[in-house]
Amino acid sequence: IMYRVQDTVINKKLSDFQFFFFQAEDGIRDAQESRGLGDVYKRQTQSTWGLYKSEYIKMSRRFDSKVNSFSAEGKLLQVEYAVEAINKSRPGIGALIKDGAILGAVKDVVSALLERTRQSEKIYCLDKNIYCVVSGVSADGNYLIDYARGLAQDYRFQMREYINVEKLVVDICDQKQYYTQFGGSRLFGAAFIYAGYDTTHGFQLYNSDPSGNYAGWKATAIGTNSIAANSFLKDEYQEDINLDQGLDLVVKSLSKTLDTSSPSADKIELLVLQLDENKQVKARFLNEKEITELLKSCLLYTSDAADDLLCVDLGGRRIIKKKK
Amino acid sequence: FFFFFQAEDGIRDAQESRGLGDVYKRQGINAEYMGRINQNKILKEQYIRKMSIDTYNGGAIIGMIGKNCVALACDRRLGVQFQTIATNFQKVFQMQDDILLGLSGLGTDIQTFSAVMEYELNLYNLKENRKMKPNTFANLVSTTLYSKRFSPYFVSPIVAGLEKGQPVLTTYDSIGCLTKTEEFVVGGTAAETLYGIAEAFYRPNLNPDELGEIVAQILVSGCDRDILSGWGGVVYVLTEDGLSTKILKTKQT
C-alpha cells in the first residue's frame with residue numbers, strides 16, 4: 001500500500017489524500033481520522049526510490065514527536081523527555097518519621113521583587129490529611145493540584161470521610177496516564193511527592209512522575225540532583241527517627257541538591273505533618289528562624305567531597321568540625 | 001400530594017415524586033375519607049397542609065444576636081410524622097471557626113445540604129488559600145439553594161457568624177431568599193410558636209451568658225407546644241473567644 005501511495009504522490013500531490021477518501025467513499029473502509037502524518041508526504045519532491053528510502057528513515061525519527069506512539073526501540077520517548085524535564089527542576093524531598101512525615105522543597109526564584117502571594121510556593125494542601133510537593137512545570141502542577149482537590153472533596157462528599165492517601169495518588173496518576181495515551185496533547189510536566197495520613201495505613205509517602213507511575217517510599221527526593229539526594233537518604237535514613245532527626249536528615253539532603261555551599265533559609269520550605277491530641281492531622285510550616293537554625297549544621301553537607309572529611313575549611317574564614 | 005395537584009392545576013410544573021408516597025398508603029381506614037377529601041378542594045388543602053414535606057421530620061431552630069455574639073439553638077428530634085425515630089439528630093453544623101449553619105426541614109436534605117456547603121467551603125479554603133467570610137458564606141447558601149430552584153432542598157437554613165467581631169444572622173426560604181436580621185430568626189415546625197415567645201423575650205445587646213440562657217428558654221418553651229419538635233436541645237453561642245455548646249435536657253415527649 002505504501003508503494004502504491006508513492007506512485008500517486010509523485011504524479012499528483014493531492015491524490016494521496018484522495019486515496020484514503022475514496023476508500024472511505026467506496027465503503028471499503030471506514031473513514032480514518034487523520035493521524036497528523038500528512039506532512040510526511042508534503043516533502044516528497046524528489047525521485048521515487050531515493051525518496052522512499054529517506055522518507056522511511058525520516059519517519060522513524062518522527063515517532064518521538066507523537067505522544068501516543070511507541071518508538072522503533074519500544075520506548076515512549078515523550079514520557080522519557082518529560083521525566084527528564086523533572087530532573088532539571090527544583091528539588092523536592094519527603095521522609096517518614098516515627099509519628100508523622102516531613103516534606104521539603106527548594107523555592108524556584110528568590111528575588112527581592114517577588115511579592116509573596118501564598119503561604120507556600122511548592123508545598124500544597126490537597127485535603128486536610130494530604131499534602132504534596134510539586135517539581136517541574138508549575139502550571140501543570142497547579143492544574144493537577146486543583147483537579148486532586150476536587151476529587152478529594154468529591155470523595156468526602158460521597159463517603160463523609162477523608163480520602164485514603166493512595167487512592168488520591170492513584171486518581172492523579174490515572175489523569176497523568178490519560179495524557180500519555182489519548183488526546184494528542186502533551187504530558188503533564190509535573191512530579192509530586194505526597195505525604196498524608198489515613199486510618200488504614202497511617203502516615204504514608206508516595207511520589208508520582210509525568211508518566212503516571214507512582215511508588216511508596218520511606219524517604220525520597222525528586223528534581224535536580226535527586227540522585228545525590230536519594231543516595232544520601234539511602235545511606236542515612238533509618239526507620240522510626242523522631243522529628244528532630246527527620247528534619248536534620250531532610251535539610252541535609254536538600255542542601256546536597258543545591259548549587260550553593262551556603263544555603264539560606266529563604267530558599268527552603270519545610271512542612272511537618274503529625275497528629276494532634278484528637279488524632280486529627282495537623283500541618284505546620286517551619287518559619288525562617290527555625291530553618292536557619294537547622295541549616296547551621298548543613299554547611300558541611302553541600303558537596304559529596306565533604307562527606308569524607310572530618311572538618312571543612314571555608315577558605316580561611318572558619319573551620320567547622322562535623323559532629324558525628 | 002400538594003405538588004401533584006398544583007401540577008394539574010397548571011400553577012407549577014410537575015415535581016418528581018420524592019418517594020414519600022407511602023406516607024399516604026398506610027392510611028387504609030381513611031381511604032374513604034381521603035376519597036371525600038379529594039373531591040373537596042378546600043378540605044384537601046386543609047388536610048394537605050399537615051402532610052407537607054417541610055414538616056415530615058419536624059424540628060425547631062432559633063438564632064439570636066447579642067452584644068458581639070450570636071446564638072443558634074436547635075432541638076434534637078428526628079421523626080417520621082408523629083413517630084419519633086431519633087433524639088440526637090444534628091441540625092447545627094460548625095462550618096468554620098466563625099460560621100454556624102443551622103438547618104430545619106427534611107432530615108435527609110439537612111444532611112445533604114450541610115455536606116454540600118462543607119464541600120464548597122473546603123474547596124474555597126484550598127483554592128483561595130483563605131477562610132470564607134461569614135457574609136460570603138451566607139450569600140453562598142443563598143445561591144446554592146437557588147441553583148436548585150426547580151428541585152429544591154427542603155430546608156430552611158439559618159447562618160450565624162461573627163465577622164470582625166460583628167454578628168451576622170441570616171435566614172432563607174428553601175429556594176434561597178436571603179433575609180439579614182439584627183435581632184432573631186426562627187425556623188422549623190415550631191416556628192409560629194417560637195416567634196411569639198422570642199418576640200416577648202428578646203432584648204438587644206445581651207451578653208453571651210444571658211443570650212445562651214434566653215435562647216434556651218425560648219427553644220424549650222416553643223418545642224413544648226410542638227409535637228414534632230423537642231426531645232432535648234443544643235445551644236451554640238459564638239463569641240470572638242470561640243464556640244460554647246450546651247446540651248439541654250427537656251421533657252421527653
Test: residue B:152 is under 15 Å from the mean Cα position of the chain (by Cα) and modelled with pLDDT of 95 or more
yes
Between residues in region A:271-290 that are of a type in the set (D, E, K, R) and residues that are open to solvent by 80 Å² or more (accessible area, probe 1.4 Å), which pairs lie under 8 Å by C-beta distance while being six or more apart or on different chains?
A:276/A:282
Please go through region A:196-206 and give me each residue that is more than 11 Å from residue A:220 (Cα to Cα) and either assigned to a strand (DSSP E or B) or aliphatic (A, V, I, L, M) (or both), ordered by number.
A:196, A:197, A:198, A:202, A:203, A:204
Can you pull out every residue in region A:86-138 that is away from chain B (no Cβ under 14 Å), open to solvent by 70 Å² or more (accessible area, probe 1.4 Å) and more than 11 Å from the chain's Cα centre (by Cα)?
A:98, A:99, A:109, A:110, A:112, A:113, A:114, A:115
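Yes/no per residue for (1) touching a residue at least 60 places away in the same chain (Cβ under 8 Å); (2) in contact with a His (Cβ under 9 Å, 6 or more places away or on another chain); (3) over 15 Å from residue A:93 (Cα atoms); (4) aliphatic (A, V, I, L, M):
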{"position": "A:213", "(1), (2), (3), (4)": "no, no, yes, no"}
{"position": "A:224", "(1), (2), (3), (4)": "yes, no, no, no"}
{"position": "A:229", "(1), (2), (3), (4)": "yes, no, no, yes"}
{"position": "A:233", "(1), (2), (3), (4)": "yes, no, no, yes"}
{"position": "A:249", "(1), (2), (3), (4)": "yes, no, no, yes"}
{"position": "A:257", "(1), (2), (3), (4)": "yes, no, no, no"}
Determine the pairs where a residue that is at negative phi and at the interface with chain A (Cβ under 10 Å from one of its Cβ atoms), located within region B:107-123, has a partner that is among the aliphatic types (A, V, I, L, M) and open to solvent by 10 Å² or more (accessible area, probe 1.4 Å) with Cβ atoms under 9 Å apart, the partner being 6 or more residues away or on another chain.
B:118/B:95; B:120/B:140; B:121/B:95; B:121/B:140
Which pairs do you get when a residue that is more than 23 Å from residue B:187 (Cβ to Cβ), found in region B:229-242, comes within reach of a residue that is open to solvent by 10 Å² or more (accessible area, probe 1.4 Å) and outside any strand (DSSP E or B), reach meaning Cβ atoms under 8 angstrom, with the pair 6+ apart or on two chains?
B:240/B:68; B:242/B:97
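Among the residues of region B:125-139, write down those that are assigned to a helix (DSSP H, G or I), open to solvent by less than 40 Å² (accessible area, probe 1.4 Å) and under 20 Å from residue B:168 (Cα atoms).
Of region B:125-139, the ones assigned to a helix (DSSP H, G or I) are B:125-128, B:134-139.
Among the residues that remain, those that are also open to solvent by less than 40 Å² (accessible area, probe 1.4 Å) are: B:126, B:134, B:137-138.
The answer is B:134, B:137, B:138.
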Within region A:239-246, is there a residue that is modelled with pLDDT under 90 and either exposed (fewer than 12 other Cβ atoms within 10 Å of the Cβ) or in a strand (DSSP E or B) (or both)?
no
Pairs only if they're at least six apart or on different chains, beta carbon under 6 angstrom, first in region A:139-153 and touching a residue at least 24 places away in the same chain (Cβ under 8 Å), second open to solvent by 40 Å² or more (accessible area, probe 1.4 Å) and in a helix (DSSP H, G or I); list them, first residue then second.
A:153/B:119
Of (1) within 13 Å of chain A (Cβ to nearest Cβ); (2) more than 21 Å from residue B:57 (Cα to Cα); (3) open to solvent by less than 20 Å² (accessible area, probe 1.4 Å), residue B:162 fails just (1)
Conditions (1) modelled with pLDDT of 80 or more; (2) assigned to a helix (DSSP H, G or I); (3) of a type in the set (Asp, Glu) -> residue A:64 fails only (1)
Sort out which residues of region B:124-178 are without any contact (Cβ under 8 Å) to a residue 40 or more places away in the chain and more than 29 Å from residue B:68 (Cβ to Cβ), and write them in order of number.
B:126, B:127, B:146, B:147, B:148, B:149, B:152, B:175
Region A:272-316: number of residues that are at negative phi, among the basic types (Lys, Arg) and at pLDDT 90 or above:
3
Which residues, taken from region A:149-167, are open to solvent by less than 10 Å² (accessible area, probe 1.4 Å), more than 10 Å from chain B (Cβ to nearest Cβ) and outside any loop (DSSP other than H, G, I, E, B)?
A:165
Select, from A:145, A:222, the only residue that is under 24 Å from residue A:81 (Cα atoms) and either open to solvent by 50 Å² or more (accessible area, probe 1.4 Å) or more than 14 Å from every other protein chain (Cβ to nearest Cβ) (or both).
A:222
Where in region B:175-253 are there strands (runs of 3 or more DSSP E), lying wholly inside it, with at least 1 residues that are under 15 Å from the mean Cα position of the chain (by Cα) and crowded, with 21+ Cβ neighbours inside 10 Å?
B:184-188, B:233-239
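Do the conditions hold for residue B:142, that is, is it over 12 Å from the mean Cα position of the chain (by Cα), surrounded by 16 or more Cβ atoms within 10 Å (Cβ to Cβ), more than 10 Å from chain A (Cβ to nearest Cβ) and over 20 Å from residue A:153 (Cβ atoms)? Break it down into steps so the answer makes sense when it comes.
On the way: over 12 Å from the mean Cα position of the chain (by Cα): yes; surrounded by 16 or more Cβ atoms within 10 Å (Cβ to Cβ): yes; more than 10 Å from chain A (Cβ to nearest Cβ): yes; over 20 Å from residue A:153 (Cβ atoms): yes.
For residue B:142, the condition - over 12 Å from the mean Cα position of the chain (by Cα), surrounded by 16 or more Cβ atoms within 10 Å (Cβ to Cβ), more than 10 Å from chain A (Cβ to nearest Cβ) and over 20 Å from residue A:153 (Cβ atoms) - is met.
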Quick check: is even one residue across region B:80-97 outside any helix (DSSP H, G or I), open to solvent by less than 20 Å² (accessible area, probe 1.4 Å) and away from chain A (no Cβ under 14 Å)?
yes
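The values are calculated or read from the model by the stated rules, or taken from the named source; none is laboratory data. On a predicted model such as this, the values are computed, not experimentally measured, just so you know. Glycine also receives a Cβ, built like all others from the backbone with ideal geometry; neighbour counts cover every protein chain displayed. The area values use the complete protein model at the heavy-atom level, side chains included, leaving out ligands, DNA and RNA. Shrake-Rupley method; radii C 1.70, N 1.55, O 1.52, S 1.80 Å.
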